[in-house]
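Enquirer: Take this structure, written in structure tokens, and hold onto it; I'll ask about it next.
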Amino acid sequence: MSSSGKLIIDSALRAAAHVRSSRLPKDVSKVAAAMLSSAPSGGAHTLPDLSYDYNAIEPVVSAETMTIHHTKHHNTYVTNLNASLEKLDAAVSAGDVSAIIGLEGALKFNGGGHLNHTLFWENLCPKGSSESELKDGGVLKSAIEEAYGDVDTMKKELSAMSVAVQGSGWGWLGYNTKTGKIECATRPNQDPLEATTGLVPLLGIDVWEHAYYVDYRNVRPDYVGAIWDVINWDTVEKRLIAAKK
Amino acid sequence: GREYAFAAAPAAANAYSLPDLPYAFEALEPYIDAPTMKIHHDKHHATYVGNINKATEGKDEVPILDLMADALEATPVRNSGGGHYNHAFFWEELAPHDKAKNTKPSADLEAMINKSFGSFDEMKAKFETQAAPGAVFGSGWVWLAVNTAGDELKIVGTPNQDNPLMKGVCDEILLPILGLDVWEHAYYLKYQNRRPEYVSNWWSFVNWDK
């Protein structure tokens, strides 16, 4: 291709690479970054901004929790993911298979932590906003009704599963590409849904204690019950539509 | 000596009971705040006691310690029995700073620490590394424990409410000498995500006499 064509493509790729969130199709930003960076792993990740203020989902989750959760917990996963990827790049360059494998835990934990929280922020929205209503006649509502009969049954099931997670973990509404149906699942620690089960994540509920302890103390059921008021169903539906393609 | 550190005796038929704390809720300030101690003891630990009682209803009464070896065979025993044992063990090893600062490891323990880790400080450093957020990938406990042969100390991290007494959790069964709860509920109200601070403060409240 011509050199000017390449320049244009490079700058487009650079722009694409800097958008690290699920709002952009996953493939584009990863491939773009990998092409631009000499690092096999594609370069550094960054903490995505929230699209709302820290107090936006009160009273369900306080501004205090959102601030610490985003700027400390999620940020730490991003930092440690980048550190792990640097180690991975070094190991790959050195052809050190043992070191590559040794990074498995750190990559799953920190990479999962980054992926999970990125998805989480995007499936939340202010109480009472139009996104917080599950629209009639949409693809998502039909899919839920097909799998669970009605929306309340699905909510009850996912709530119970999320409350029952032992220790730290996540509750997920996911899309099963093999059956074409949605289903509920839980994952321990920061294990990412798609990489470890094949289900495409549609809606995530963080049930690590740090997600609710300030506001709900040990009463996880109250937190899980309340979070349904601030779920961004529009985002969940967009993800389902994308997954079905 | 190589004794079990603690065992809770059931009060009535199939009734494990929530042990009282050997000190007031505010006694561990400023290491741990009173609200945390209250919720940790009255809610979290109490829930484990309630659940292990439910899980062992109708079965023979055994001290909680005896349930540990085969805990991996039954999920409720692993989670709730482990939770009860671990927390009962934890409360006993802590003491208000005034008391704790005058305690120190017995000569035997100190000798074993030096033999197993080189020095007390090296043991502490290794413990703190194991207690760091990335070392246990989620909720869990960190233990200083002795092998059943009684000749070596190890530091291990265990997930959720597992402990080294349970067959299959560690490479071999180990007897806890010291344990630290690194579930977020143990420190979040005071320390939020600053777990390393919680860990380094903890040493000042360990009751080595126990």
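Enquirer: Enumerate the lysines that A:Lys155 could reach by cross-link, defined here as Cα to Cα under 18 Å, with residues fewer than 8 away along the same chain left out.
Expert: A:Lys127, A:Lys135, A:Lys141, A:Lys181
Enquirer: Per Stokes-Einstein, at 37 °C and 0.692 mPa s, what whole-number D in µm² s⁻¹ belongs to segment B:145-210, with the Kirkwood radius over Cα pairs as the hydrodynamic radius? Intermediate results must be reported in sequence, preceding the final value.
Expert: Working: Rh = 13.4 Å.
The Stokes-Einstein estimate is 245 µm²/s.
Enquirer: Take segment A:39-156, compute every pairwise Cα distance, and split them into 10 Å bins from 0; I just need the percent in each bin.
Expert: Answer for segment A:39-156: a P(r) of 12, 29, 25, 21, 11, 1 percent.
Enquirer: Still on this model: Buried accessible area between B and A (1.4 Å probe, both chains summed, ligands and nucleic acids excluded), in Å² to the nearest 100?
Expert: Values: alone 10010 and 12320 Å², together 20610 Å².
In total, this chain pair buries about 1700 Å².
Enquirer: Residues of segment A:104-121 losing 50 Å² or more of accessible surface, assembly versus chain alone, probe 1.4 Å, please list them.
Expert: In segment A:104-121, residues shielded by partner chains: A:Phe109.
Enquirer: Per residue, what volume in Å³ does the convex hull of the Cα atoms of segment B:1-143 enclose?
Expert: Spelled out: Cα convex hull of segment B:1-143, divided by residues, is 142 Å³.
Enquirer: Shifting gears a bit: Could you run the Karplus curve 6.51 cos²θ - 1.76 cosθ + 1.60 with θ = phi - 60° over segment B:138-145 and give me ³J(HN,Hα) per residue in whole Hz, x for Gly and Pro?
Expert: Per residue, the Karplus-derived 3J(HN,Hα) values read x, 7, x, 9, 10, 10, 9, 9 Hz.
Enquirer: Note every residue of segment B:170-203 with a reduction of at least 10 square angstrom in accessible area, all protein chains present versus the isolated chain, computed with a 1.4 Å probe, or write none.
Expert: B:Trp183, B:Glu184, B:His185, B:Tyr188, B:Leu189, B:Gln192, B:Asn193
Enquirer: In addition: Can you send over the solvent-accessible area of B:Glu61, 1.4 Å probe, protein chains only, in Å² to the nearest 10?
Expert: Per-residue accessible area (B:Glu61): approximately 100 Å².
Enquirer: Using r as the Cβ-Cβ distance of B:Asp98 and A:Ala99, and R0 as 45 Å, what FRET efficiency do you calculate, to the nearest 0.05?
Expert: FRET efficiency, B:Asp98 to A:Ala99: 0.40.
Enquirer: Another question, if that's okay. Quantify, in whole percent, the carbon and sulfur part of the accessible surface of the protein assembly as shown (1.4 Å probe; protein heavy atoms only).
Expert: C and S fraction of accessible area: 53 percent.
Enquirer: Mind checking B:128-141 for the average number of partner chain beta-carbons within 10 Å of each residue's beta-carbon?
Expert: 4
Enquirer: Counting only Cα atoms, I'd like the Rg/Rh figure for segment A:125-245, Kirkwood definition for Rh. Could the numbers behind the result be given before it?
Expert: Details: Rg = 13.9 Å, Rh = 14.7 Å.
Taking Rh as the inverse mean 1/r over Cα pairs, Rg/Rh reads 0.95.
Enquirer: Can you pull the three principal axis extents for the Cα set of the protein assembly as shown, in Å, largest first?
Expert: Over the protein assembly as shown, Cα extents along the principal axes are 78, 54, 39 Å.
Enquirer: OK, next. Lysines near B:Lys104 by alpha-carbon distance under 25 Å, same-chain residues fewer than 8 away left out - which ones?
Expert: Here the lysines satisfying the reach criterion relative to B:Lys104 are B:Lys115, B:Lys124, B:Lys126, B:Lys154, B:Lys210.
Enquirer: Ordered by packing density, taken as the mean number of other Cβ atoms within 10 Å over each peptide's residues, highest first, how do B:79-87, A:192-200 rank? Intermediate values should be presented prior to the final figure.
Expert: Details: B:79-87: 25.6, A:192-200: 17.2.
Final packing ranking: B:79-87, A:192-200.
Enquirer: Excluding ligands, DNA and RNA, what is the solvent-accessible area per residue of segment A:86-151 at a probe of 1.4 Å, expressed in Å²?
Expert: Working: 3200 Å² over 66 residues.
Here the residues of segment A:86-151 average 48 Å² of exposed surface.
The values are calculated or read from the model by the stated rules, or taken from the named source; none is laboratory data. Here the structure is a predicted model, which is why all the values come from computation and not from measurement. Positions of Cβ are backbone-derived with ideal geometry, glycine not excepted, and every protein chain shown enters the neighbour counts. Ligands, DNA and RNA are stripped out before the accessible areas are found, and what is left, the full protein with its side chains, is counted by its heavy atoms. Shrake-Rupley method; radii C 1.70, N 1.55, O 1.52, S 1.80 Å.
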